[in-house]
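The values are calculated or read from the model by the stated rules, or taken from the named source; none is laboratory data. Since this is a predicted model, take the numbers as computed values, not measurements. So basically every Cβ, Gly included, is an ideal-geometry build from the backbone, and we count neighbours across all protein chains shown. SASA here: full protein model, heavy atoms, side chains in, ligands and nucleic acids out. Shrake-Rupley method; radii C 1.70, N 1.55, O 1.52, S 1.80 Å.
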Amino acid sequence: MRRVIQICSLVLAVSLLGGVAFAQQPQRDSADFELGRAIEILSNMMYELDTKYVGKADVDKLLSSAAFGMSRATDPYSQYLSESDMDDFDIMTTGKYGGIGSPIRKRGDYVVFGQPYEGFPADEGGVKAGDKILMIDGEDMHSRSIDDISKALRGDPETDVVVCVERSYDGKREELKLRRRRIAVPSVPYAGILRDGVGYIAHNDFIHGSYDEVRRALEALMSEGELRGLVLDYRSNGGGVMREAVGIASLFVDHGERVVSIMGRDSLSLRHFATEYKPIAKSIPIVVLVNGLSASASEILAGSLQDLDRAVVMGQRTYGKGLVQSTAYLGYNTYLKFTTEKYYIPSGRCIQAHDYTSRNSDGTIAQVPDSLISEYVTRGGRRVYDGGGVVPDVKLEPQYISRFAVTLMRLGYVENWCDEYMRRHQNDTIDVRTFTISDEEYANFVNYIADKEVEYESESRRALKALEKALESDLYDEALRGEIEHLSELIKDDKISNMQTYRRDIEAMLRSELVLRYAYTRGATEHYAVNDDEVQQAIDLILNEEEYRRILREQHLSMH
């Protein structure tokens, strides 16, 4: 009854406020009228459902659903954050949480540990990848979800959690007492000299403290001797805290250099953000690697260095997220994260790719048409364009992993076999840069897959089935059926054939997963960088000083 009274009071208050306001100000702006009307309708709807719906209405669920719908009607980045959502939001912006420091994954009826983070409680307590979680603090974990176990493992720093595991390498049960700590996920998993004096920094996200991590990594590289150049890897970096991007830019450009501007509905909201520190690597050649998943703060950094003719951007066109999100407190420990401004990099261009305020006739989001794309210039006069994302100075064809290889990873077969491999090789030592999978071990993996169910259909097989269906619909000559059957026999996409067809991709996944177990994320990232074609092309460009300077001096960018 108390809740009903509260809702009635809310409806009445909104109605009265609306009535008084409109009576006193008959010429009130129509936008204000629409807002008041919408609030009153929403309140009335909540009241009717809570008091008269045939079943029991969950008011919190109704609120969350309404809030989700309202935020999604604006753009994909606006979001209602309930009290329970705030922990995940904090982790996203700070990279920190209270726990033991290990990913987990589902295997059968249990959840098992992935490779623990180096130097954190799970690692120090002896947890190994593949260990099955049987009990947590005396409670049976059989058939429990990943979310349930994640919540049980997390908690306040300096509190203990007792985990009973079944060891992956010998099947024995063991009880581990782990003390939770504040887990800070590294923003820079690896930095090192790859070859010929060229350094490499992998940067995964923009969280609070990213500038400090990148600076320490750069200083360490510079301490090893003459640094002939630097590859900054921002591929698949989804961005984060904008000010961290400004800080990182200050490592390479003059103090007081404008890196990004943001503006809301009108020019009165325009604000500029400039570097606040003196550079420590002002003249070192830089190549920034990007791809279609580089977004937000990573686009700001790559685009600003491009606009200032300070770095060559290499890879594929970036995602095109130029929207700024702010948070507003809504009461009762809830927040609204919503878009309030747009980003503009030094040339004046906006990196936003989509117009969420208008949609195509079929309901899809409208992209910026060529007719509305504008030309800008970099500091040195090179032509660049807006219209969405950052177009690289040097375009590279994207590297795709076969769907079959991804399917094996998604089904857990790669990780499970690597667990078995480690049981046989747990005392081995490896060179992370040159580690390979032998023919014998790959044959072992093929044999492991032989009796496993792998739901996969090649693009060729899909296309052939579509053609066959079209021919049947069009009543083509029966003689064509024989040709279709012949083509079907020629397409080798059975499981065992695919293990050879896509061996290169599968081996790369196996290597990365095994190096992760031997040398943590740091070693896996180093292994990947050394063996990655795009990284090597970036190094080659840096070492080709004449071509590097030519690009920054005179090469204009294309519109797309």
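Could you report the accessible area of Y97 in Å², rounded to 10, computed with a 1.4 Å probe on the protein chains as they sit in the structure?
Probe radius 1.4 Å; accessible area of Y97 about 30 Å².
What accessible area per residue, rounded to a whole number of Å², is obtained for the chain using a probe radius of 1.4 Å?
53
How many nm separate the modelled label positions at D451 and H425, each set 7 Å beyond the Cα in the direction of the Cβ?
So the label points at D451 and H425 sit 2.4 nm apart.
Using packing as a proxy for protection, rank 442-453, 408-419, 196-207 so that the peptide with the highest average count of other Cβ atoms within 10 Å comes first.
196-207, 408-419, 442-453
Work out the FRET efficiency for K469 and L35 from their Cβ-Cβ distance, taking R0 = 45 Å, and round it to the nearest 0.05. Each step should come with its number before you reach the end.
Details: r = 52 Å, r/R0 = 1.15.
For K469 and L35, the calculated efficiency is 0.30.
In terms of the ratio Rg/(2.2 N^0.38 Å) built on C-alpha atoms, what value belongs to the chain?
Values: Rg = 28.0 Å, N = 560, 2.2 N^0.38 = 24.4 Å.
Cα-based Rg divided by the globular estimate yields 1.15.
Determine, for each peptide in 65-76, 520-531, the mean count of other beta carbons within 10 angstrom over its residues, then list the peptides with the highest first.
Output ranking for 65-76, 520-531: 520-531, 65-76.
Determine the relative contact order of segment 217-274: mean sequence separation of Cα pairs under 8 Å and six or more apart, normalised by residue count, in whole percent.
Reported relative contact order: 22 percent.
What Kirkwood radius, in Å to one decimal, follows from the Cα pairs of segment 218-308? Let's see the in-between values first.
Working: mean 1/r = 0.0714 Å⁻¹.
About 14.0 Å, per the Kirkwood formula over Cα pairs.
From the protein chains alone at 1.4 Å, what is the descending order of accessible area for S374, S298, largest first?
Descending order: S374, S298.
To make sure I understand the rule: partners must be lysines, Cα under 21 Å from the Cα of K495, and not fewer than 8 residues away in the same chain. Which ones qualify?
Filter leaves K452, K465.
Subtracting the Cα-Cα distance from 0.36 nm times the residue separation, let me have the gained length for D85 to E48 in nm, one decimal.
That works out to 10.6 nm of additional length.
Please identify which residues in segment 411-441 have an amide N closer than 17 Å to a label point set 7 Å out from the Cα of D170, following the Cα→Cβ vector.
420, 422-428
Hey, got a sec? Which trypsin sites (Lys or Arg not before Pro) in segment 247-322 land in a DSSP loop and have at most 15 other Cβ atoms within 10 Å?
Values: sites: R258, R265, R271, K282, R310, R317, K321; in loops: R265, K282, R310, R317, K321.
Passing sites in segment 247-322 are R265, K282.
What length, rounded to one decimal in nm, is gained on full extension from K177 through to Q536, with 0.36 nm per residue of separation minus their alpha-carbon distance? Intermediate results must be reported in sequence, preceding the final value.
On the way: separation 359, 0.36 × 359 = 129.24 nm, distance 4.44 nm.
Taking 0.36 nm per residue and subtracting the Cα distance, the gain is 124.8 nm.
Calculated FRET efficiency, M222 and E546, Cβ-Cβ r, R0 30 Å, to nearest 0.05? Present the calculation step by step, with values, prior to reporting the outcome.
Details: r = 24 Å, r/R0 = 0.80.
My answer for the efficiency is 0.80.
Which percent, nearest 5, of DSSP beta bridges in the chain are antiparallel?
Here the antiparallel bridges make up roughly 75 percent for the chain.
Starting from the Cα-Cα distance between I280 and H255, subtract it from 0.36 nm times their residue separation and give me the gain in nm to one decimal. Display every interim value, and only then the final one.
On the way: separation 25, 0.36 × 25 = 9.00 nm, distance 1.05 nm.
Result for the pair: 7.9 nm of gain on full extension.
Segment 292-387: which chymotrypsin sites (Phe, Trp or Tyr not before Pro) are DSSP loop and have at most 10 other beta-carbon atoms within 10 angstrom?
Y332
What spacing in nm lies between the two simple spin-label points modelled at Y77 and I401, each 7 Å away from Cα in the Cβ direction?
Label at Y77, label at I401, 2.7 nm between them.
If the cut-off is 17 Å between C-alpha atoms, which aspartates and glutamates fall inside it for K278, apart from same-chain ones fewer than 8 positions away?
D212, E213, E219, E244, D254, E257
Pick out the long, greasy-scoring helices in the chain: whole DSSP H runs spanning 27 Å or more along their own axis by Cα, mean Kyte-Doolittle at least -1.0.
2-24, 30-52
Identify all aspartates and glutamates with a Cα-Cα distance to K56 below 20 Å; exclude those on the same chain that are fewer than 8 residues away in sequence.
E48
Hand me the tally of lysine pairs in segment 97-231: alpha carbons under 18 angstrom apart, and the pair either on different chains or 8 or more positions apart.
9
How much of the accessible area of the chain, in percent, comes from carbon and sulfur atoms when a 1.4 Å probe is used?
C and S atoms contribute 51 percent here.
How much FRET efficiency would the formula 1/(1 + (r/R0)^6) give for S497 and I146, where r is the Cβ-Cβ distance and R0 is 30 Å, rounded to 0.05? It would help to have the intermediate numbers written out before the result.
On the way: r = 34 Å, r/R0 = 1.12.
The calculated FRET efficiency here is 0.35.
Kindly provide the helix-only [θ] at 222 nm of the chain, computed as the sum of -39,500 (n - 2.57) over DSSP H runs of four or more divided by all residues, to the nearest 500 deg cm²/dmol? It would help to have the intermediate numbers written out before the result.
On the way: 18 runs with 229 residues, N = 560.
Mean residue ellipticity, 222 nm, calculated: -13000 deg cm²/dmol.
For segment 501-558, count all C-alpha to C-alpha pairs, find those more than 13 Å apart, and express that count as a whole percent of the total.
Beyond 13 Å sits 69 percent of the P(r) for segment 501-558.
I'd like to know which of I542, Y329, S298 lies farthest towards the positive end of the charge dipole of the chain, counting +1 on Cβ of Lys and Arg and -1 on Cβ of Asp and Glu.
About the Cα centre, the residue reaching furthest to the positive side is Y329.
Going from most exposed to least, what order do K61, K132 have by accessible area with a 1.4 Å probe?
Putting K61, K132 in descending order of accessible area: K61, K132.
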